[in-house]
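Working notes, structure below.
Values in this text are rule-based calculations from the coordinates and carry no lab data. Not measured: the values here are computed from a predicted model. Methodologically, a virtual Cβ is constructed for each residue, glycine included, from the backbone with ideal geometry; neighbour enumeration extends over all protein chains shown.
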Amino acid sequence: MRKKLTTTIVLAVGIFGIALPVLAALYLAHRQSMDAEIRLANTMAGEILRRADAAGDQAIAAYTELSTPEDGDPCSDARLKRMRDVDLNLSYVEVVGYVDKDRLVCSSLGRHGEGIPLGPVEFVSSRGASVRTSVDLGLGTGEDGRFLILQKGSLAAALHPEMLIDTFQDRKDIAVGIFGRTGRMRLSSRGEFETKWMSRLGGATSANFFDGRHLVTLLRSSHYDTVAYVAVPADYLRSRLYGFFSVLVPIALVLGALLSFGIVRLARQRASLPAELKAALRRGEFEMYYQPIVELATRRIVGFEALMRWPRRDGPRLRPDLFIPAAEDCGLITQFTDYMLKRIAVDAPRLIERRPHCYVSVNLGSSDLHSEAILDQLRKLLATRGIRPQCIVVEATEHSFLDPLLARPIVAEIRALGIRVAIDDFGTGFSSLSHLTTLQTDFLKIDKVFVETVGTDSATSQVAPHIIRIAETLGLKVIGEGVENEAQAAFLRAHGVEFAQGWLFYQAMPIDEILKLAERPLDLAGATPAPA
Ligand SMILES: Nc1nc2c(ncn2[C@@H]2O[C@H](COP(=O)(O)O[C@H]3[C@@H](O)[C@H](n4cnc5c(=O)[nH]c(N)nc54)O[C@@H]3COP(=O)(O)O)[C@@H](O)[C@H]2O)c(=O)[nH]1
């Protein structure tokens, strides 16, 4: 059943591990291709608008230049010459001329006899220009010889409509154009156009939307009542999307596979950890290290904390704060404690022989302190030659929840044996004020997270002094953990903390090294630098 569940979880992780990155890649590819096409469409619309605005400016310049006739005849030689000069100077204006009764009577091209019929005005722009969008002047130029005529008073400027849009020739399948908002008429266009696009802008200056077949961009002129549009066919989007897909999806597949492999491996490792721990216990792979605890005032060693290490045969080292909780979770902690106490029974007499006034502190987890079995184990330890009760301190550590009511009689019995008890990692995990009041203990260890911030601006920098005051009130001796520098040591000392432990003084060492250290004369012990 468990195997089936594990297989299902592994499968689900594998599928999700691959599906998620692929879905993310699809989304990213879609976003990227959309963004790229919108950028292209905006660039094109901007260029069309720039040309249309320039054409409008030139028409206005032509009206201004020609608004005062030299003499009474609007088609005199002097005036025709002036029309030609104006025409020559304006790149977008093809012809300028004089209009009478909807006929172009004369222009920069000369006199036109009866006049060229321009047809009716289609609409009047917001700036008062009468607009005709497609007039055949019979000149054989322009698109099909047709011109866009902007007339103000009796003056007309004729523009080649395609000059406004003959850009991006390599993208002919992208529909482009410009329309007047007032008349809702196209002034110039290339490719497909749908009238409904005109209403999509509303009051905005630009809009981008997908109409099912095109990605459409609309851009309004800030000078004239005109709007440029660009409609990119959906095929463009699709091919760009495939381009992004072909790059992103393989990357996502590789990442997904690596991720799934990592997760599955981790899950397998975790699943096999209990078995590994059991096997390592059987093989006696775990080693005990000892970290000295010093009196802050003299830096003399007063005790040694026993800390377990696992130099794994196969695989990387695992820290005790990972394998001890795992042992607690899978019900192996009693065996670990038993293993640790057996090692202490061997190591402690050798240490105490060299330092008779020192103690060895041992870590006990919540489940140890919930069961009377620990009392027999400790009695056995005390029966060892060379170990007196005052040589042992029990540190109540809480990787899992410690029930004060269950632990209270056990802790009381431990103390009745003459063994002192410390509350470890106070202020973190499950340890709380109620433990201090419910459990009768001797020491309180301030966790390193609070020691490392003392004297800094950190929010937790004020916690250590409070903990020290609580301990004082309850008559407990305080041990500062994780002291790494002189400033932290000085701070703790100034606040009345008697004992400390940390890399400033010593790191945890294997038994042979700690024995050598313990052999040194007492007054030199504190001066020994911490081993690397
Ligand atoms: N039930 C048992 N719990 C055990 C046993 N052995 C260890 N443990 C618990 O694991 C926790 C992690 O221990 P460890 O990785 O050994 O870390 C200890 C020190 O190495 C570390 N330390 C000491 N000085 C410093 C320092 O200056 N800076 C710094 N960053 N770390 C430092 O602190 C740990 C000692 O912590 P504590 O026990 O809280 O005094 C550890 O918390 C043990 O509870 C075991 O056999 N049984």
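Points to keep in mind about this one:
- Separation of the LYS342 and THR460 label points, Cα + 7 Å toward Cβ, nm: 3.6 nm
- Quotient of the Cα radius of gyration of the chain and 2.2 N^0.38 Å, N being its number of residues: 1.87.
- If R0 is taken as 30 Å, the Cβ-Cβ distance between THR167 and GLU192 corresponds to a FRET efficiency of 0.95.
- Among the cysteines of the chain, those with no neighbouring cysteine Cβ under 4.7 Å are CYS330, CYS358, CYS391.
- Relative to the dominant Cα principal axis of the chain, helix 463-473 is inclined by about 30°.
- Entries of LYS445/LYS477; LYS172/LYS196; LYS278/LYS342 with Cα pairs more than 19 Å apart: LYS172/LYS196
- Here the spin labels are modelled as points 7 Å beyond Cα on the Cα-Cβ line, and at THR68 and VAL121 they lie 2.5 nm apart.
- Residues of type lysines that LYS81 reaches as a straight line, Cα spacing below 21 Å, ignoring anything fewer than 8 places off in the same chain: LYS152
- For the pair ARG317 and ALA373, the difference between a 0.36 nm per residue extended length and the Cα-Cα distance amounts to 17.1 nm.
- Take the Kirkwood radius over Cα pairs of segment 39-108, plug it into Stokes-Einstein at 37 °C and 0.692 mPa s, and you get 244 µm²/s for translational diffusion.
- CD proxy at 222 nm, helix term only [per DSSP H run n ≥ 4: -39500 (n - 2.57); per residue of the chain; nearest 500]: -14500 deg cm²/dmol
- Two-site FRET efficiency, ASP211 against GLU498, from Cβ-Cβ distance with R₀ of 60 Å, rounded to 0.05: 0.15
- Here the extension length gained between ARG200 and TYR242 equals 12.2 nm, from 0.36 nm per residue of separation less the Cα-Cα distance.
- Alpha carbon centroid spacing (whole Å) that separates segment 367-393 from segment 151-166: 104 Å
- Per DSSP, loop GluC sites (Glu not before Pro) in segment 63-170 with at most 16 further Cβ within 10 Å: GLU70, GLU122
- Multiplying the residue separation of ARG408 and LYS477 by 0.36 nm and subtracting their alpha-carbon distance yields 22.9 nm.
- Pair ALA487, THR8: separation of 7 Å Cα→Cβ label points (nm): 5.5 nm
- Theoretical FRET efficiency, 1/(1+(r/R0)^6), r = Cβ-Cβ of TYR27 and ASN89, R0 35 Å, to 0.05: 0.05
- Among 434-443, 370-379, 497-506, the order from most to least packed when residues are scored by Cβ within 10 Å on average: 497-506, 434-443, 370-379
- Around GLU295: net Lys/Arg minus Asp/Glu count, Cβ-Cβ under 11 Å: +3
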